[in-house]
1. Do you know which of the residues in the range 241-273 that are of a type in the set (A, V, I, L, M) and in contact (Cβ under 8 Å) with a residue 24 or more places away in the chain is surrounded by the most Cβ atoms within 10 Å (Cβ to Cβ)?
2. Only one of these is at pLDDT 90 or above, in a loop (DSSP other than H, G, I, E, B), under 22 Å from the mean Cα position of the chain (by Cα) and of a type outside the set (S, T, N, Q): 168, 212. Name it.
3. Being buried (at least 20 other Cβ atoms within 10 Å of the Cβ) and hydroxyl-bearing (Ser, Thr, Tyr) is the filter; apply it to the range 329-347 and report the residue that is farthest from residue 187 (Cα to Cα).
4. With the range 87-153 as the region, which strands (runs of 3 or more DSSP E) entirely inside it contain at least 1 residues that are farther than 19 Å from residue 28 by Cα and among the small types (Gly, Ala, Ser)?
5. Could you check the range 160-188 and list, in sequence order, the residues that are basic (Lys, Arg) and crowded, with 19+ Cβ neighbours inside 10 Å?
6. Out of the residues in the range 295-316 meeting the condition of being touching a residue at least 12 places away in the same chain (Cβ under 8 Å) and out of contact with any helix residue (DSSP H, G or I) (no Cβ under 7 Å at 6 or more places or on another chain), tell me which one is farthest from residue 397 (Cα to Cα).
7. Exactly one of (1) closer than 29 Å to residue 268 by Cβ; (2) small (Gly, Ala, Ser); (3) more than 23 Å from the chain's Cα centre (by Cα) is unmet by residue 25. Its number?
8. Looking at the range 123-140 only, could you name the residues that are in contact with a strand residue (DSSP E or B) (Cβ under 7 Å, 6 or more places away or on another chain), of a type in the set (Lys, Arg) and either within 17 Å of residue 69 (Cα to Cα) or not assigned by TED's automatic domain parsing to the domain that holds residue 15 (or both)?
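The values are calculated or read from the model by the stated rules, or taken from the named source; none is laboratory data. All values reported here derive from a predicted model rather than from experimental measurement. Positions of Cβ are generated from backbone atoms using ideal geometry, with glycine treated the same way; all protein chains shown enter the neighbour counts.
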Amino acid sequence: MKRQRGHKARLSLTPAQAVAAEEQGHAARALWNLVHDWWTMLPRERRTLAAADEAIRQGRKDLPWLGVLPAQAAQAVLKTYFQAWRNCWSGRAQAPNFKGRFRSRMAIDIPQGRDLQIVRTNRRWGCMRVPKIGRVRFRWTKDLPVGKHADGDNRVTGARLVKEADGWHVVFRVQSEAPEPEPHAGPTVGIDRGVIRPLALSDGTFRDHGPWLTKGEAERLRRLEKTKHRSRRAGNPGEKRSRRLTRTHDQIARLRATAKRRVVDWQHKTTTDIAETFSRVGVEDLAITSMVKSARGTAEAPGRNVRQKAGLNRTITEEAWGRTVTMLEYKTVDRGGLVVRVPAANTSRRCSACGYITPGNRENQARFVCKNPDCGFEANADTNAGCNIDHAAGQAVSGRGDLGDTRSAKRQPPTRPHAV
């Protein structure tokens, strides 16, 4: 089967190349905004892909500063914009909007993989060609199907240059041919995602992590945040932002980017270990977007405990529960496993030993004690929830026909019997 994967690497640009990449990134953002204005102003019957392509060609002739963007990158902006509307119409995303200079990430598409001309120069570095920028170096951290290792089924199909707080990166689109994986023969597991314990498994183990920033980095971030708010209060509304405030924003962004890299690194290592160990992984189907909504309310009906809810929302967002599940899904499939999403209702209040449900089962945030007089089961609250998720995942898979029968036959018995 064919797999489409992305590989991200850091770029090493010269000052001249960095300026050229900045110009292309701003041109791509401006082209997106121009296409958006064209789309929203024209009547519906005139909104076609051919008309948009003709408008872009004419705009590149009339506006010389759009010429710094390669023609194929401009066509990629148009395709991305139309795909954004398709995602909106299907209910997967919101409608595309104007891209602000300081609220959007600069990106440059290279749609054709053959234009990259990737070459490995030594053990740590590779070299690639970027249109209208030239040969640039990137960190070689993973073998790519290039040169004699590339063919019709294994190749780099394209790339995208993105600018983040710590500099420019390239994201390669890699297509590879892989054999169908054998069914995973390992045990099953249910995972409860939380704030105090990030991942609690039904086998009684946990996947924890420390703070993403050191004490020195956290203190520096706190001081920078204070400096930012003090500078913003000192300025007048509508004034241009000072260079000192811009530098403060950049320093804050670099620290937050460092924390995010550490989060993603921990998630990759943890999900890889889980995917290699377990054949079926059950997770709760959480509406995370609704969970992190503000409790502020309205002027007529103000909310309660707004600051406490805002702190909880920040913690949930930092844990990135959705990205963890996304990584688990494709990694378990590659290894012959399966990820099952189950309803989240009563997973924390149900006893995994007898099935008794009552709000008083949880003595506190960390301890679960069954109130059924005939049971009295005690366990960690997150571990108990993981057992319930594992049981619900087994029931969901068993109703899917042959695949469900195959997966459920390999299920290992839990430490305590689940409710029938």
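1. 255
2. Values: 168 fails: in a loop (DSSP other than H, G, I, E, B).
None of the others qualify; the one that does is 212.
3. 347
4. 125-130
5. 160
6. 306
7. (3)
8. Hits for the range 123-140 are 129, 135.
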